[in-house]
Structures are given as C-alpha cells and as structure tokens.
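The structure appears right after this line, and notes come after that.
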Amino acid sequence: MTERCRHCGEPAGPSPIRVATDGGAALFCCAGCHAAWTWITAAGLARYYRQREAGQPVSVDTERFSDFALPDVAAHYVAEADDGSATVSLHIGGMRCAACVWLLEKVAEQTAGVLSCDVSFATHRAIVRFDPTTIDLAGVLHALARPGFQPEPVVPGELSNAQTNERRHALRRLAVAALFGMQTMMLAFALYLGDAYGMTDATRTLLEFASMVCTLPVIAYAGAPFFRGAWRGLVERQPGMDLPVALALTVAFTTSVLATFSIGTTVYYDSVAMFVLLLTGSRFLELAARHRAEDGVAALARMLPDAVDRLNPDGSVERIARRELRSGDRIRVRTGDTLPVDGRIVSGQLGVDEALLSGESRPLPRSVGESVCAGAGVAAGSATLVVERTGASTTLAEVGRLLERAGHQRATTRAFADRLASVFVVAVVLVAALAATVWSQIDAARIVPVTLAVLIVACPCALALATPTALSAAATRLARDGLLLSGAGLLERFRPGMTLLTDKTGTLTNGRPVLSATHALAGVSATHCRAIAAALEAESEHPLARAFVPFAAGVSLDAPADVRVGEGVCGTIDGVEYRLGRASFVAAIAGCEPAQTANAESRVYLGRANEWLASFDVCDALRADAPASVAALRQAGIKVVIASGDSPTAVAVAARELGVHDWHANLSPANKLELLANLHAAGESVVMLGDGVNDAPVLAAADASIAMGGGTALARANADAILVGDTLTPLATLADVSRRTRWIVRQSAAWAIAYNGLAVTAAALGLITPWMAAIGMSASSLLVVSNALRLRRATADRSSELTVLAERTV
Amino acid sequence: MSILLLLIPLALLLLGIAVAAFFWAADNGQFDDLEAEAVRILLDDDEPVGRD
C-alpha cells in the first residue's frame, strides 16, 4: 500500500515531508498540506482527522474567492444589518457528517471579525454574521475553506425560505398528530378496558367526549393536507390516495361524534388519530427527500464563476460580476477558469473540458470561430470570447431544464401508481356500499359499524407497517455495506430481468488516468522515458498528464514546456528537444510514424529529433471490484448496459474487460435520455448508475437510480441511493437484499391481508369485541416488525434461496 | 370516577402547553437540523494547546 498524505489523503509521492508526532511519523505530500495540518492541530482541532472519512481527498478551489472581494459581487450576497454587522448565507460543499458542523463552527469562532456562525447539516447551509470593518466576504470564505470545505455564497432566496417554512409546518402537524394522538390512545385504552370490565354510562360519555376533543386538532390541523389533496383530486378528476384517506377520516369521525352524542354505538377516535399520525410521519420523510432533490437543481447555478474579466473597447481589462455581462461583451478566459457564459472564440485557442455536459473525459481543442459552453472548464490555453448567451439561455441552464423535465416524468410514473390506487379506492368504497346495502336488509342498526369496519380495515396497521419496516431494516443493512438508500423505489426495481444502465468514467472506472503500458521504441530504458515524459507533463493541466506524475525522477526541463492544445507538449532537456503527444505531432521532428497497434484506449508518443523513444498506453482503469461486481449482477439476472459520453475505443475496452456486450459511446445527456426512453419503450425496467452532471437528467428519469459518492452533488441529489467509499461491491449486496426485502414485504403483506380479511369477516358477523381486536392488531403489527428485522442479519438466509427459486419460476 | 372530571381537563391543559412549546421551538429553528445536534454534544475540543 502506498503511503498517503496525512492531510489530503493523496499518495505522499516520492519525497514526502516527514514529521514526528505523538502517534508516530506523519507524512505530507507538500508543504501546503503540512501547513494546513499544523494549523489545524495548533488550533486544537486535530479531532477533524479522526472524524472525517478515511482517505477523503480534499481539494478546495480558493482562487475564485478573491472574486467575492469585488463590492458588486459581495453586495449581491451580503445583507447589512442596522447595527453594522453583515450576514451571508453559504452553501458548504464537502460536508460529510455532523462532525463537520462542529469543525466549521469552531473555525468560524476563531476567525477575527466573525460574530456568529450557524451551520445546519440537514441543508448544508451556514449563516455567518460578520463585522464588515474587520473581515470581508472573501476573508470569511477563506477561513471556512481552510479545513477543506468548499463554501459558496448563496442568495438568501425564496427556495430555502419556502423549504424551511414547509418543513416547520410539517413538523408542527407531526407534533400535533403525535401528542394529541397519544392522548387519544390513552383514552381509547380506558374505553377498551371499560368494554371488558364494565363502566358506567356517565364515565363512558366523559371519556368519549375527551377523545373527541383530542381528535379534533388531529383531524382538523394535522389531517388538513389530506382533505385538500382529496378535493384537488376530485376537481382534477384524478382521485389519488388522499381520497380514501379523507373519506375514511370523515366517515369514522362523523360516526364517532354521532356516537358520542348517543346516536350510535361505537367510537373510532383512536383509529382516526393513529391513521393520521402514521400518514403524516411518512409524508414528512417524503418531504425531506424532495427538498434534497430541489437543492440539487439549485447547485447547477453555483458551478459558474461569479466574476469575469471583461475586455473593454479601450483595451483595458475589468473584473466584473457575471450578472453584468451582456451578450456581445468580450471576456478573457485562462487555464483553470470555468466558462461563465456560452460564447464564441474571437482570438486564441482553448482546450475545453466539457465532461460536465457531455461526459467526454478529454479536453477538446477549440479555436477561433468555434463556440464554447458555460460550465465547461478551460484545461489549457487562453482566449478572448464574445458573449453569446448568458444566464437562463445557456446550455448549462438547458441541462437544468432537462433535469426538471425528467423529474416531472418520474412524477408521471408515480401518477400512474396513483391511478391504480384510485381503482383500489373505488373497489373499497363499492365493497363498503355493498355491505351497507346487505346489512340494511338484515339489521338496520348495524349498517354504520359494518360499513366502517370495511373502510378502516382497508387501511390496517399491519399492512401499513409491512413495507416501511422492511424498507428501513433493508436500508440499515445496506448502509453497513456502504450504500445509502434515500428512496424506496430502488429495492422494488432491483430485481432479475431489469436493466442496469451505467456510466463509465468515474463509475465503472476510477475516473483517473493511469499509465498502463510503456513500449520503449529505441535504446532508452522505459524508466528513463517515463521520467522524461513526467518532466514534460509536470506543468500541464491536461487530464492525461496526471498519469505521469508518479514517475517524476530528477529530470528537469531547461525552460517551461510549450503546450499545444490538442497536439501535445514540447520542451528541451539538456539542449535536446523532446515532444510528447499524438503521433502526428511527434512525427514532425522524429520522422515517419511507427506501426500502430489497436486496442489502446489512449496512446501518446515520446520522441526527439529523428528518433522515436517510446509509446505510452494511458487508460482510465476499471475499479478493482468492477469485473466481479458486474459478474455478480449478471448472475443475479440483471442486464448491464454501458452508456458513456466517452469515445467508442475507450468504452469498447472497458466493455470487453467487463464482459458487457451492450454498450453505447459518445452520448450527450439528451442521447442518454433517448436511450433510456428506448429501453422504456421496450418494456424494460431501468436503474441508472452514474456520477456526473451529465448523468443527472437520466438519474432523475430512470425508474430508480444510484449515484457514486465521489460524484457531483447534483448527481447525488437525484439518486435513490448513494454508493459511498467508491466501490461497486455493495451492488451485489443490493441485489441480494432487495430480493429478500421483496420476499419479506410479501410475507408480511400476505399475513396482514389474511388477518384483516378474517378480522373484517368476523367483525361483520359481530364475533369480535373491540378489546380482542386491539390485542389481535398489536400482535399482528409486532409480528410484521420482527419479520422485517430479519433483514438486518449480515448473511443471506434460507428465505433468500427460496426467493431465488420463487422469482426464477415466476 | 368523578376525579376524572379534574384529571382529564388537566391532561388537556398540559397537552396544550406541550403543543404550544413545540410550536414555539419549531418556529425558532430548534428542529431545523435534527442530525448535527445529536452528535455535537459528544465532541469535545482537544486538550487546550500550549499548556503542559
């Protein structure tokens, strides 16, 4: 195992800095990391290293912080209070656990000029109040970025305010349902005991009256959304699950009130209260998931730089806020910038990294007259652009809209489930009506109790518990393996016969190029060739250059290397000119090209005057566990399809190694959505696995989705599950756990339906007294819960083997 | 059982106070972040620096 830097977690390299500490020697890859470590430990914050996830690389782009020193830019984000203090809302990137909150607050506390800092882990937001005379916005950002976080100012917008309000109201409803519901249950318990042991009518009336008072806020306040939803469903002629809920609540509550005033026999206040509590609880969890997704869309806009260099007509360069750019303005961009707008190059040339938009992992050369998109990174070169489109009309904004549309598409699938539910609703109502009609012939006094029994038993506790308990047990089990589940759809979809659509770069592969082979073509040793190549690429920003970094060994250039975008680099060592890059570029000095062999994903050549020295095969290696995981998935009956934005050669190599026959290369996000639509049209159930922004629309539109933990926040926000720890092995576990979950849900549901079927028949025949029903219901719920807990066991048990058999035969 | 005439209204009163307290807390942002606060209390600062 290579030794890693104590601070940043990257390999420490050939000449690390060694420092003796209490816990043995610590290694650092560079002086910067050493300084950061020294600062953190000296500030008494060494716990940070113990709390953070092991090996999490830290890379913070602090350069753009200076943009926030511009008054125009800062004014957009900072709100000044009357007492002279200023407040800014920040989105904190890189927060992984609650310990980060602690670290951020401590760091802020120790920064001169910061008055207060409130960090919320749930929203990844920080609200910082500072004294503008001591520290400016850029200073605050620098302070918070020091431990390795990526703070981004956000406009204290309507979105987050609306979310906070919505959340607080949902919490209020939950509290009302829980507190009053508990009280109702206690009174109900007394009523049940009264049924068993006898109770005076006066006491009964008192208890019933108290129950009514307790249930009133539950139904009127906590249950209000269900009535609103039911009404909307009726108006739009598409009744959803809200309708039977509202119906059952109305019937049960009205009957109970009538019974309380002696026009009936039985009260159902406890059923009403518990029903509302359970439903409000599950709606609250849904709300949290939806808010995370909304944050993801907002994240797109944060990717663009806030300030740009505008080239004025008089030739001067002025740094201005991005929002002030108008189409037709000229701007300057350099290596390392992110393009703020869509534009056309008027002078200079660029190597642009469009991985964000297309998934293409290599920079593409762009020269005068060609267009470039907002959100793309400048990997090499510098140029002057004329601004064509800004803000909402850019290609990046288009991706955002694709994403929203994809979200709506999924909502349509859900609406289909709702339509199915409305069929169920109509059936339940019909059965209840039938029972009422039949009983009106037999015994008119029992119409109401019987009808109610049918309506209430249609949504019983055990059946309601079967799915959520199994899901939460499965989620716990999967989290232990490194798969964080946020949506239930995944467990339902991940079954034999479905298609796993997967991205390549950064998902199946590590997303980092490595040198896979060196072919020495002349008398110079392979090791020396690599050292020369490393020296040439030392200053390069090209992604492939990183493959050579580990081989730097004492060779230095006479002068900085000359980078030619799309060609290669050239430089001189000891007076001899060397070229590294495409064959044609090297051939210009080395003579005719050597014979090429296929199969290499990317091949670069090294040569000097009249001599070819070596060729290097650079590839983005597959994750070590990718072949085994794909094989395990195939064994579980899952089809794997690769959809990549990368070049066909690169994808073909990966597909061959994995044994995947169905692969697609050169896909844009729109192409990927098209591919998904084709799969859907063929009747396939599709789960998407991806990591980048270019995957985000597909992640949102697929039936279910999994994002890589190392991927972009946007991809994570749209996924039903997140793979942490950058390994694919949990996918095999997922196949097993989802199978067992479905089996257990089916078992529990079958039990609950059988129990309720018996109970409703017995109740309809007048064989069951309330206290018997209460005990039966509790026992039934307990059985369902303990059945679900079996999922938390580490190893697959016999039930899973049975499921395999069951699912194969179906 | 006439004690119930006192106890039930009393329970309802306490319930009302509890709900009012919860509303107040929710509106003051006490429940905006349910994850960090649970862990924060477990994290101490390191030993004060610069002391032997």
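The values are calculated or read from the model by the stated rules, or taken from the named source; none is laboratory data. For clarity, every value in this text was computed on a predicted model and none was experimentally measured. Positions of Cβ are backbone-derived with ideal geometry, glycine not excepted, and every protein chain shown enters the neighbour counts.
For a quick check of your reading of the model, give me the residue pairs whose first member lies in the stretch A:200-220 and is in contact (Cβ under 8 Å) with a residue 60 or more places away in the chain, whose second is surrounded by 15 or more Cβ atoms within 10 Å (Cβ to Cβ) and part of a helix (DSSP H, G or I), with beta-carbon atoms closer than 9 Å and at least 6 apart or on different chains.
Listed pairs, sorted by first residue: A:E208/A:L187; A:E208/A:L191; A:E208/A:S256; A:E208/A:A259; A:E208/A:T260; A:E208/A:Y269.
Test A:V346 against the stated conditions and say whether it is modelled with pLDDT under 70 and of a type in the set (V, I, T).
No, not satisfied.
In the set B:F31, B:F23, which member is touching a helix residue (DSSP H, G or I) at 6+ places or on another chain (Cβ under 8 Å), modelled with pLDDT of 75 or more, part of a helix (DSSP H, G or I) and facing another protein chain (nearest Cβ under 7 Å)? Steps first, answer last, please.
Values: B:F31 fails: part of a helix (DSSP H, G or I).
Testing whether each residue is touching a helix residue (DSSP H, G or I) at 6+ places or on another chain (Cβ under 8 Å), modelled with pLDDT of 75 or more, part of a helix (DSSP H, G or I) and facing another protein chain (nearest Cβ under 7 Å) leaves just B:F23.
Taking into account only those residues within the stretch A:217-255 that are farther than 18 Å from A:L277 by Cα and part of a helix (DSSP H, G or I), which is modelled with the lowest pLDDT?
Filtering the stretch A:217-255 for residues that are farther than 18 Å from A:L277 by Cα and part of a helix (DSSP H, G or I), the one modelled with the lowest pLDDT comes out as A:G233.
Which of the residues spanning the stretch A:615-656 are modelled with pLDDT under 85, assigned to a strand (DSSP E or B) and among the hydrophobic types (A, V, I, L, M, F, W, C)?
If the condition is that a residue be modelled with pLDDT under 85, assigned to a strand (DSSP E or B) and among the hydrophobic types (A, V, I, L, M, F, W, C), then A:F616, A:V618, A:C619, A:A621, A:L622 are the ones that fit.
Before we move on, is A:S327 under 13 Å from A:L385 (Cα atoms) and assigned to a loop (DSSP other than H, G, I, E, B)?
Against the criterion (under 13 Å from A:L385 (Cα atoms) and assigned to a loop (DSSP other than H, G, I, E, B)), A:S327 qualifies.
Is it the case, given these coordinates, that A:S615 is of a type in the set (S, T, Y), crowded, with 21+ Cβ neighbours inside 10 Å and closer than 15 Å to A:D503 by Cβ?
no
A quick yes/no check of all residues on (1) in contact with a Lys or Arg (Cβ under 8 Å, 6 or more places away or on another chain); (2) modelled with pLDDT of 60 or more; (3) surrounded by fewer than 19 Cβ atoms within 10 Å (Cβ to Cβ); (4) not acidic (D, E):
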{"position": "A:V693", "(1), (2), (3), (4)": "no, yes, no, yes"}
{"position": "A:A719", "(1), (2), (3), (4)": "no, yes, no, yes"}
{"position": "A:L731", "(1), (2), (3), (4)": "no, yes, no, yes"}
{"position": "A:G757", "(1), (2), (3), (4)": "no, yes, yes, yes"}
{"position": "A:V810", "(1), (2), (3), (4)": "no, no, yes, yes"}
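Scan the stretch A:139-161 and give yes if some residue there is surrounded by fewer than 19 Cβ atoms within 10 Å (Cβ to Cβ), within 14 Å of chain B (Cβ to nearest Cβ) and farther than 29 Å from A:R47 by Cβ, otherwise no.
Yes - at least one qualifying residue is present in the stretch A:139-161.
Can you name the residue in the stretch A:184-221 that is facing chain B (nearest Cβ under 10 Å) and under 39 Å from the mean Cα position of the chain (by Cα) and is also surrounded by the fewest Cβ atoms within 10 Å (Cβ to Cβ) among such residues?
Selected residue: A:Y221.
Suppose we filter A:A445, A:A475, A:A470 for residues that are closer than 20 Å to A:L699 by Cβ, part of a helix (DSSP H, G or I) and either modelled with pLDDT under 75 or in contact with a Cys (Cβ under 6 Å, 6 or more places away or on another chain) (or both); which single one remains?
A:A475
Checking B:L10 against (1) more than 9 Å from chain A (Cβ to nearest Cβ); (2) under 30 Å from A:E105 (Cα atoms); (3) modelled with pLDDT of 85 or more, only one condition comes out false. Which one?
Failing condition for B:L10: (2).
Would you check which residues across the stretch A:524-554 are at pLDDT below 75 and assigned to a loop (DSSP other than H, G, I, E, B) and list them? Break it down stepwise before answering.
Our first condition is that a residue be at pLDDT below 75; within the stretch A:524-554, this holds for A:538-546, A:549-550, A:552-554.
Within the stretch A:524-554, A:A538, A:E539, A:S540, A:E541, A:H542, A:A552, A:A553, A:G554 qualify.
Does A:L179 satisfy being surrounded by 15 or more Cβ atoms within 10 Å (Cβ to Cβ), in contact with a helix residue (DSSP H, G or I) (Cβ under 9 Å, 6 or more places away or on another chain) and farther than 30 Å from A:Y48 by Cα? Can you show your working first?
Values: surrounded by 15 or more Cβ atoms within 10 Å (Cβ to Cβ): yes; in contact with a helix residue (DSSP H, G or I) (Cβ under 9 Å, 6 or more places away or on another chain): yes; farther than 30 Å from A:Y48 by Cα: yes.
So A:L179 fits the description; yes.
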